[in-house]
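What follows is a short report on a single structure.
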Amino acid sequence: MPRLFVSIDLPDRLADEVAAVQAPLRDLPGLRLADPAQAHCTLKFLGDVEEARVDDVVDALERAVAAAGVAPVECEVGGLGVFPSPDYVRVVWVGVRDGSDEVTRLAEAVERETVALGFDEADHEFTPHVTLARMDDARGKARVREYLEEDPTVGRFTAREIRLTESTLGRDGPRYGTRARVSL
């Protein structure tokens, strides 16, 4: 069964900028950096999906894009945050500044359509972001908290589609492949 999620991908040209924003986190103990070449904003994690249901998911994404009424959207990625909180850091992220309202509308529409198909409802409020790193233990937490005071900018891009992405877990981290694209 493929492991799937719905995303807006950052263009390849921003990979170096994502890496530059990650640089202060690079050697911190307990932290695993995300691959900047695979940077994306997850709209909905679906998990393991039966192959026979993939076409239904694509149809739901097309309905979601139509319902959200979002045309291609200019996004600026910048600013830092963590999940779930600075006291207990699991994920370090850079946010979507400009375009966040439109990205949120898309995520909400994707949520409605996929829940209607029987997928689990999200257990948290959507925050448009791109994951920079995951914290496995708290050894580097103090430095991460200091870094949160900075306000880096990754860059701007135009989101023209959402993507149904397959994640294959490997020893070197996840690898992503496109199952479908839905234009905005």
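Counting the residues of segment 112-131 that are of a type in the set (Val, Ile, Thr) and more than 30 Å from GLN22 (Cα to Cα) gives 2. Summed over segment 1-23, the residues that are farther than 30 Å from PHE119 by Cβ and surrounded by fewer than 16 Cβ atoms within 10 Å (Cβ to Cβ) give a count of 4.
Inside segment 145-165, residues that are within 23 Å of ASP9 (Cα to Cα) and either surrounded by 15 or more Cβ atoms within 10 Å (Cβ to Cβ) or charged (D, E, K, R) (or both) make up a count of 13. Only residues that are within 21 Å of GLU166 (Cβ to Cβ) and in a strand (DSSP E or B) were counted across segment 25-40, and they come to 2.
Checking each residue in segment 24-34 for being buried (at least 16 other Cβ atoms within 10 Å of the Cβ) and under 17 Å from the mean Cα position of the chain (by Cα) picks out LEU33, ALA34.
Residues in segment 125-142 that are closer than 24 Å to GLN38 by Cβ and either surrounded by 14 or more Cβ atoms within 10 Å (Cβ to Cβ) or under 14 Å from the mean Cα position of the chain (by Cα) (or both): 11 in all. Test of understanding: among ALA107, ALA71, ALA52, which residue is over 17 Å from the mean Cα position of the chain (by Cα), over 20 Å from MET1 (Cβ atoms) and of a type in the set (Gly, Ala, Ser)? When all the criteria are applied, what remains is ALA71. In segment 153-170, the residues that are within 14 Å of SER183 (Cα to Cα) form Cβ pairs under 7 Å with partners that are surrounded by 15 or more Cβ atoms within 10 Å (Cβ to Cβ) and among the acidic types (Asp, Glu), at six or more places apart or across chains, as follows: ARG163/ASP9. Residue count for segment 122-144 satisfying the condition of being in contact (Cβ under 8 Å) with a residue 12 or more places away in the chain, outside any loop (DSSP other than H, G, I, E, B) and either farther than 17 Å from ASP9 by Cβ or in contact with a helix residue (DSSP H, G or I) (Cβ under 6 Å, 6 or more places away or on another chain) (or both): 10. The number of residues in segment 88-121 that are surrounded by 15 or more Cβ atoms within 10 Å (Cβ to Cβ), assigned to a loop (DSSP other than H, G, I, E, B) and touching a residue at least 60 places away in the same chain (Cβ under 8 Å) comes to 2. Of all residues in segment 1-39, those satisfying the criterion of being closer than 26 Å to ARG181 by Cα and of a type in the set (Val, Ile, Thr) are VAL6, ILE8, VAL18. Yes or no: VAL70 part of a helix (DSSP H, G or I) and closer than 24 Å to GLY155 by Cα? No.
Coordinate-derived values only; no laboratory data. This one's a predicted model, so the numbers in the text were calculated from it and none came from an experiment. Methodologically, a virtual Cβ is constructed for each residue, glycine included, from the backbone with ideal geometry; neighbour enumeration extends over all protein chains shown.
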